[in-house]
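Colleague: Here's a structure for you.
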Amino acid sequence: MSPAEKAPLRVAVTGAAGQIGYSILPRIAAGEMLGKDQPVILQLLEIPVEAVQKALEGVAMELDDCAFPLLRGMVLTGDPNVAFKDADWCILVGSKPRGPGMERADLLKDNGKIFVGQGKAIDEVASDDARVVVVGNPCNTNCMIAASQAKRLGPERFTAMTRLDQNRAQAQLAQKAGVALTEVDDIIIFGNHSPTMFADFTNATISGKPAAEVIGDDAWLQNDFLPTVGKRGAAIIAARGLSSAASAANAAIDHVRSLHTVSDDIHSIAVRSDGSYGFDEGVWASVPVRTTAPGTYEVVREGFDHDEFAAGKIAATNAELVEERETVKEMLA
Ligand code: NAD
Ligand code: LMR
């Protein structure tokens with residue numbers, strides 16, 4: 001006899017007719033995010049504009065045409081209270097991407113207000129066990145704005161995505177060392193999803209040895225590797241004319257899968273700072289975490305010592321997060 005089937009989980013995705021939406025939805029419906037035995041219901045939010053809702057219908061038609069066995073239903077809506085109703089996971093993508101020559105922080109005033117309303121709606125109608133993942137930029141501070149609106153769901157339910165930066169850093173180190181990607185471990189992003197982020201090569205390993213020893217070129221690590229990872233989003237915009245989408249969707253899948261799966265693996269997630277690693281309490285800073293129960297993490301404190309160079313980088317990215325918090329103080333409840 002086959003084991004009893006799991007009850008479907010409700011996954012709300014905002015900006016569902018956008019670029020990232022188009023890449024992420026088939027992968028969620030295929031079971032790549034929550035498991036190959038986990039049925040899902042997709043609750044898709046888009047702005048209430050006829051042409052955009054029509055595009056959303058097209059996306060849903062394609063999802064139908066994929067005949068995913070795990071996809072048990074779809075809700076298409078322009079109303080956040082419908083999209084987030086009883087949602088178990090809320091993936092907040094919907095917002096403006098930056099264009100060439102802009103920094104992500106330039107989006108704060110426009111995008112920040114989206115997260116006021118959505119944070120409130122999630123708190124009102126999502127499942128008691130809901131988890132919220134912010135992808136829309138600038139994601140750390142947008143996550144802080146959304147979490148500040150919540151009275152029922154605690155701030156530990158709200159995380160922002162720096163997994164794309166971790167994946168980028170892992171790929172850069174593997175390419176430089178000429179090894180398979182799987183040889184690179186413990187490469188963690190500290191701080192903001194912005195050029196100030198610190199991709200901590202000082203604690204990373206390659207084939208079990210310190211990455212700095214294997215690479216043997218501190219100047220490359222400090223002056224090439226860090227800016228390449230920090231400015232990769234801008235490089236993609238310059239090359240493609242559009243911001244990253246397939247890799248961003250892939251990172252969001254990795255973020256949720258890692259956060260949903262109990263394991264000793266350490267991964268980068270921006271969480272509400274409790275002061276660890278010198279980040280100001282209350283900003284959303286990327287740190288190493290380990291998943292202790294589905295959707296629940298602990299910040300890993302052992303094994304990530306920082307020398308003067310690393311501590312300086314962390315102080316700089318913290319200063320930027322504090323400045324962003326100051327910029328949006330009117331949006332914080
Ligand atoms: P896109 O413009 O292709 O799609 C965004 C969609 O969001 C649009 O369809 C738009 O109609 C919708 N939207 C706007 N406001 C909304 C609202 N209030 N509610 C629901 N939907 C809304 O953009 P994209 O390329 O999919 O990127 C989306 C966001 O993700 C951008 O802010 C981008 O900068 C960010 N991003 C973050 C990362 C990261 O690593 N954290 C990586 C890539 C992109
Ligand atoms: C990225 O890192 O690719 C995204 O945050 C998009 C951007 O604006 O850089």
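Coordinate-derived values only; no laboratory data. All values reported here derive from a predicted model rather than from experimental measurement. So basically every Cβ, Gly included, is an ideal-geometry build from the backbone, and we count neighbours across all protein chains shown.
Colleague: So, in the chain, how many Lys pairs have Cα atoms under 16 Å apart, if the pair is 8 or more places apart or on different chains?
Modeller: 9
Colleague: Can you give me the angle between helix 50-66 and the longest principal axis of the chain, using Cα atoms only, in degrees from 0 to 90, rounded to the nearest 10?
Modeller: On a 0 to 90 degree scale, this one is about 90.
Colleague: Here is a further query. Quick one: order Arg10, Arg98 by neighbouring beta-carbon count within 10 Å, fewest to most. Intermediate results must be reported in sequence, preceding the final value.
Modeller: Values: Arg10 23, Arg98 18.
If I rank by nearby Cβ atoms, fewest first, I get Arg98, Arg10.
Colleague: Which of the peptides 308-320, 153-165 is most tightly packed, and how do the rest follow, judged by the mean count of other Cβ atoms within 10 Å per residue?
Modeller: Numbers: 308-320: 16.6, 153-165: 24.4.
Top of the packing list down: 153-165, 308-320.
Colleague: List Met33, Met74 from most exposed to least, where exposure is judged by having the fewest other Cβ atoms within 10 Å. Walk me through the intermediate numbers first.
Modeller: Working: Met33 22, Met74 18.
Ranked by crowding around the Cβ, least crowded first: Met74, Met33.
Colleague: Now for a separate question. Can you compute the helix-only [θ] at 222 nm over the chain? Use -39500 (n - 2.57) per DSSP H run of at least 4 residues, normalise by all residues, nearest 500 deg cm²/dmol.
Modeller: Details: 11 runs with 130 residues, N = 333.
Here the helix-only value at 222 nm equals -12000 deg cm²/dmol.
Colleague: As I understand it, the value is the acute angle between the Cα axis of helix 19-29 and the longest principal axis of the Cα atoms of the chain; what does it come to in degrees, rounded to 10?
Modeller: In the chain, helix 19-29 runs at an angle near 70 degrees to the longest axis.
Colleague: About the Cα centre of region 77-132, how large is the charge dipole given +1 on each Lys and Arg Cβ and -1 on each Asp and Glu Cβ? Please answer in debye to the nearest 20.
Modeller: 360 debye
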